[in-house]
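Working notes, beginning with the structure itself.
FYI, it's all coordinate maths here, none of it is from the lab. Keep in mind it's a predicted model, so treat the numbers as computed, not measured. Using ideal geometry, Cβ is built from the backbone for each residue, glycine included, and neighbour counts are taken over all protein chains shown.
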Amino acid sequence: MDAVVAGLPGQQARRRIRPPEPLVMAASPSTPAAFRCPISLEVMRSPVSLPTGATYDRTSIQRWLDSGHRTCPATRLPLLSTDLVPNLLLRRLIHLHAATLPPSPSPEEVLSQLAASHGEPAAAEKAVRSLAAKIAPEKGKQASVASAVAADLESTVPALLSFAKGGAGADARVDAVKILATVAPEIATYITGDGTEIKRGKVKMAVEALAAVLCAGGVSEEAKKALISALVAADLGRVVTTLLAAGPTGVVVLEAILTSPVPDADAKTAIADRPELFPDLVRILREAASPAAIKCMAAAVQVRGRPARASMVRAGAVPALALAVSAAPTAAAESALVLLVEAARCSDGKAAIAGDAAGMAAAVMGRMIRVGPVGREAAVEVLWLSCCAGGGERRMREALAAAPEAVGKLLVVMQGDCSPATSRMAGELLRAVRMEQERKGMAAAYDSRTIHVMPY
């Protein structure tokens, strides 16, 4: 190709423009730093650029943005836009570089490296990341990875679980769970089998692996549904018994089954009607203060309704839930309060609540202000159902009137951002408390430490 180049006045010179040299990247044992994501430090699979000009792997930067950050991780500059622009040139360079590297090891070879890396966390993590890279959608090798892992579940699953349960960095944990998801139906056979696996002591391993898969955010919904379908298609009675015997981790799997759209109503009802369900859930809640046990009870009540409420109360759930309200973390305490509302809707539940009126009033009032809006409204409702609805229970009214700062806390709820129904129930509770205090000569308590709060 020729081009005219301006020279001295009145003169013109012609020179030939050489075509660009073909892009050839020599093989190198090390990967250029520009090919690595600044966040994960791994070779980028889908490089994208922020408006600041910095480039990251799409998965890593999306996780950064989804967590609420609005700055560029590398430059710390504020982001005026969170649009991600694919860096096609860099992606092409990474692919050219990959073509110069030796062939990647097979899944079987990577698993051998993982088995041989005992006591070397860095080598083991590298093997896990390498194996996870092979199940990326564009690789099309998920079946070969699953086949390699399934060929020796008893050695590979414990190794992967050590990562999934926190034995490595965040990215390695995600990758380990993704690998476990590829063989989740095979792992489920330890639970759905004929019992020989139980003798071999592998049920605990299987339950932990299934719970990790069902709780992970990086696992596709299709994989989770396939796993739950495999569990539901087996003997449900054996599955439920085995999961309950596995303790809090097994309850996580059971709760996922009850809340999943995969099982039909008949299968969920069969689970909720199991006679051992609520007694075992109450036992697990008492022994381990398991939030999953509370969620599982709530799911069963949602499925079965009134019969499940009665079964839950007969199993002794009310005192266990009261203990969770007092001592559990905020999210679990809120769930326990919501479940106590369900218990208070039946006569047996209301009687069980009044059976330890002082302890229940202290637990609910003590936590009422230290939970979120859902928990506050549930706390008011369970007290209203116990003290006012259908005439209420006198023991609960007396206990509420004697609870420290009961009036002040109810006024705080009324003046907060609560629903009209909650405000009405809180008002009725205030009147019931004041009448009880006046009956017992405790009216002065109405004004103690609450003079700054206006009731209306």
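What to note about this one:
- Extension gain, ALA99 back to ARG286 (0.36 nm per residue minus Cα-Cα distance, nm): 61.5 nm
- Likely footprinting exposure, VAL318, VAL253, fewest C-beta neighbours within 10 Å first: VAL318, VAL253
- Out-of-range pairs (alpha-carbon distance over 32 Å; input LYS165/LYS409; LYS126/LYS224; LYS202/LYS224; LYS224/LYS350; LYS350/LYS409): LYS165/LYS409; LYS224/LYS350
- FRET efficiency, ASP235 to THR269 (Cβ-Cβ, R0 22 Å, nearest 0.05): 0.85
- Comparing Cα centroids, segment 383-436 and segment 219-290 end up 37 angstrom apart.
- For peptides 217-224, 53-60, sequence by mean Cβ density within 10 Å, most packed first: 53-60, 217-224
- Computed lengthening from ALA245 to ALA54, 0.36 nm per intervening residue step minus Cα-Cα distance: 63.7 nm
- Between VAL43 and LEU88, the modelled label-to-label distance comes to 2.2 nm, taking each label 7 Å out from Cα in the direction of the beta carbon.
- Three-way shape label, segment 33-101, alpha-carbon gyration tensor, a/c 1.5: prolate
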